[in-house]
1. Looking at Pro63, Pro79, can you tell me which residue is modelled with pLDDT under 90 and assigned to a loop (DSSP other than H, G, I, E, B)?
2. Just for segment 1-51: of the residues that are within 25 Å of Trp166 (Cβ to Cβ) and among the acidic types (Asp, Glu), which one is modelled with the highest pLDDT?
3. How many residues are buried (at least 16 other Cβ atoms within 10 Å of the Cβ) and within 14 Å of Asp150 (Cα to Cα) when one looks only at segment 96-109?
4. Residues in segment 91-113: is at least one out of contact with any helix residue (DSSP H, G or I) (no Cβ under 8 Å at 6 or more places or on another chain) and in contact (Cβ under 8 Å) with a residue 24 or more places away in the chain?
5. Here is a list of conditions, (1) assigned to a helix (DSSP H, G or I); (2) aliphatic (A, V, I, L, M); (3) under 15 Å from Thr92 (Cα atoms); (4) modelled with pLDDT under 80, and Leu149 meets all of them except one; can you say which number that is?
Amino acid sequence: MDRLANNLEKTEITPGDVLWLHASRTKSIFGLSLCLPGFFMTLYLLSKGEWLNKNDWVEILAPTFFGFWVVFFVFQLLPGCSGLKLDTEGFTILSWYRKKKIFWSDVESFHVSTVYTTPVVVWNFSPAYLERHPEKKASQNAERDRSFLDTYGTHAEDLAELLNQWREKWQS
C-alpha cells in the first residue's frame with residue numbers, strides 16, 4: 001500500500017468527516033511543459049513567416065492545437081477544478097468545476113478494472129438504485145459510465161479499498 005493509503009488507514013472515520021482527494025498535478029505540469037513550448041514555437045514561426053505558403057491550414061491548426069492543450073492543463077492546475085470528495089453521505093466527483101454526487105446507498109461495490117491498458121476504479125450500482133433508474137441498467141455493463149477519471153494520486157487498488165471502507169462505514 002502506498003503512503004496515502006497508509007496514512008488514511010491510521011485515521012478513524014468519524015461523523016462529519018470529509019476527505020478530499022485531488023488530481024495529480026504532476027501529469028498536468030508534464031503536459032503543460034510539452035505543450036507550452038510547442039505553442040510559443042508555432043507563434044514564433046508565424047511571426048517570422050517561416051511557414052510554407054502552401055500549408056496555410058497548418059498556420060491555423062498548429063497554434064490552435066497547442067493553445068487548446070495549454071488552456072486545458074492550466075485549468076487542471078487551478079484549485080477546485082477536479083477532485084474527489086468523500087463524506088458521510090457519499091462521494092462527489094469534481095470535473096471541470098462540475099459536481100456529480102453519488103450516495104453510498106446507491107453503490108454496491110467498488111473494484112478495479114482496466115480501460116485499454118490503464119487500471120481504473122469502477123463501481124456497480126445497487127439493485128435498489130437500478131430499480132429507481134431503469135435508464136442506468138443498460139449502462140451497468142459500460143464501465144466508462146461508472147468509473148473515475150483519475151486515481152487521485154494513489155494506486156487504483158488502494159482507492160477502491162478506501163472507497164469500499166467509506167461505503168461500508170456510512171451506507172444506510
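1. Criteria check complete, one pass: Pro79.
2. Going through the qualifying residues, I end up with Asp17.
3. 0
4. Looking through segment 91-113, at least one residue is out of contact with any helix residue (DSSP H, G or I) (no Cβ under 8 Å at 6 or more places or on another chain) and in contact (Cβ under 8 Å) with a residue 24 or more places away in the chain.
5. Status for Leu149: all satisfied but (1).
The values are calculated or read from the model by the stated rules, or taken from the named source; none is laboratory data. What you are looking at is a predicted structure, and each value in this text was computed from that prediction instead of being measured. All Cβ positions, even for glycine, are placed from backbone atoms using ideal geometry, and neighbour counts span all protein chains on display.
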